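We did not get these values from a lab; they are worked out from the coordinates using the rules stated. None of the values given here were measured: they were computed from a predicted structure. Backbone-built Cβ (ideal geometry, glycine too); neighbour counts: all protein chains shown.
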Amino acid sequence: MTTERAGLDQREQELAHGMLQSMAEEFVADGTLRTAIWQEIFTRTWRHPYVPYYYPALNVPPVSGDNPERRSEWLAAVYSNRTLVTKVVQVPSRPGRTPASYPMWTSSSTLPSLMLMMLEALEIADGHRVLEIGTGSGYNTALLCERLGDAQIVTVDIDPELVEVARDRLAANGYTPTLAATDGAAGYPPHAPYDRIIATCSVEAIPPAWVDQAAPGGVILTDVRGLLGGTVALLRADGHGEARGRFLPGDASFMPLRHNLEIPPLQSRTRLANDAVESTSTVDPSLLRDDATFRFVTQWHLPDVGWKYIYADDGATGIQLDTPDGSGAQAWFTPESNGFAIRQAGPRQLWAEVERAHEFWNNAGRPGHEQFGITASRHEQHIWFQHPDSEHRWPIRTGCGASRATTIDAATRRPRYTGVSGSAPT
């Protein structure tokens, strides 16, 4: 551990190292950390050089280690099992809206337990060459450099500012991997092939360049995000243009991979027509909010759906789904005497499709993420259930839904569009 470059006094170093040890022991106890080598690397690699400040919320100033009044708070946060937002930008609102812009986070230092789970899942061996998509703060890059040596690590990010800051922080702590500011979807051809590709961002489909640049038998690990949430998938490349693998257990979510620095304003979603058909359903809409596995299954049945939470003046809450063809459905979380209130409009009955996804999920025994897999090639990508040749398979489509806050009139339960909220990282 490079204490001479840490920027902490002796007491703080001892405190930080103690917190690292405590986290490692906790991760071992709960099964997150399973190998001695990653436990040893984790406890000897400082996190604070890569997170000199963080944003506790979007609309408040950052907490900085340079602020004596908040230094203890900063140090405790950095050496805890928390995702810490490290960059916030102003994104323009839709034309005519006030305020003219709203804050959105674009980079974070991810939950340490999640990063360790992913690093162990890669099954890295000595001599492996690793491509990291999403340099971010540089902390995960430092962990990789500790494991393999910096000559084996390539890390890329779309944001040149993040890359240069990470380069300086890594160099100050003795690491000089290859860094590049480029679109991560293109990989990094100059150093291909790679034995391992890890993305600390989410993708809607596996970029073909990753499959092409993976060595035969190489592993690709990334969050594959449908329109309702993300889950980490581990694929192995066959060396002939195809990669195949399964989703890992549990729920995980990263900020989406960006192809440029521009963040367009959120677009308006479908407003349900006044003549929307009202009905009831026995499927509890709160499953889409609370149950990660049902949300995971549903997004493959409705790959083109967008969604947002809706709120009524009387305090009722629900969810709205909509699709590019103008179809929409609203479902309310509080049950009525004969079921859950549903309103649908447009050419497709979206809630009926949710009900079919629920029927499949129930009939299959409410399977978890790990019972699903993904096959990716340059020409086709699809999700499958239980095995690659299963009759239950769903094509992956592109497009992105966004969670937004909408106010609903209590009397009519029709939306009054009054604001937008950013989506949270994990």
Placing each pseudo-label 7 Å from Cα in the direction of the beta carbon, ARG236 and GLU262 end up separated by a distance in nanometres of 4.2 nm
Report the full-extension gain for the segment ALA180 to GLU336: residue separation times 0.36 nm, less the Cα-Cα distance, to one decimal in nm. 50.6 nm
Over the stretch 3-203, what is the relative contact order in whole percent, taking alpha-carbon pairs under 8 Å and six or more residues apart? 18 percent
How far is it, in nm, from the label point at PHE360 to the one at ALA76 when both lie 7 Å from their Cα along the line to the Cβ? 4.7 nm
Please order ILE158, ILE153, ILE37 by the number of other Cβ within 10 Å, starting at the fewest. ILE37, ILE158, ILE153
Label-point separation (nm) for ALA205 and ALA316, each offset 7 Å from Cα along Cα-to-Cβ? 3.9 nm
How big is the chain on each of its three principal axes, counting only the C-alpha atoms and giving the largest first in Å? 69, 55, 42
Ranking request for peptides 210-220, 175-185, 330-340: highest mean number of other beta-carbon atoms within 10 Å first, then the rest in descending order. 210-220, 175-185, 330-340
Based on other C-beta atoms within 10 Å, arrange GLU120, GLU391 from fewest to most. GLU391, GLU120
Got a sec? How would PHE360, PHE247, PHE27 order by Cβ neighbour count within 10 Å, fewest to most? PHE360, PHE27, PHE247
Would you mind checking the tilt of helix 10-30 against the longest principal axis of the Cα atoms of the chain, expressed as 0 to 90 degrees and rounded to 10? 50 degrees
By how many degrees, 0 to 90 and rounded to 10, does the Cα axis of helix 350-363 deviate from the longest principal axis of the chain? 60 degrees
Fraction in percent of alpha-carbon pairs per bin - 5 Å, the stretch 3-203: 1, 7, 15, 18, 20, 16, 11, 6, 3, 2, 0, 0
Round to the nearest 0.05 the FRET efficiency obtained for VAL277 and GLU40 when R0 = 56 Å and r is the Cβ-Cβ distance. 0.40
FRET efficiency (ASP168, ALA352; Cβ distance; R0 56 Å; to 0.05) is 0.55
Could you work out how much longer the chain between ASP9 and ASP325 gets when fully extended? Use 0.36 nm per residue separation minus the Cα distance between them, nm to one decimal. 107.7 nm
Rounded to the nearest 5, what is the percent of antiparallel bridges among the DSSP beta bridges in the chain? 70 percent
Once each part is reduced to its C-alpha centroid, what is the distance from the stretch 94-134 to the stretch 23-54 in angstrom? 17 Å
Going toward the positive end of the dipole of the stretch 3-203, with +1 on Lys and Arg Cβ and -1 on Asp and Glu Cβ, which of VAL203, TYR175, ILE124 do you reach last? VAL203
GNM result for the chain, Cα springs below 10 Å: residue of GLY226, GLY187, GLY250 fluctuating most strongly: GLY250
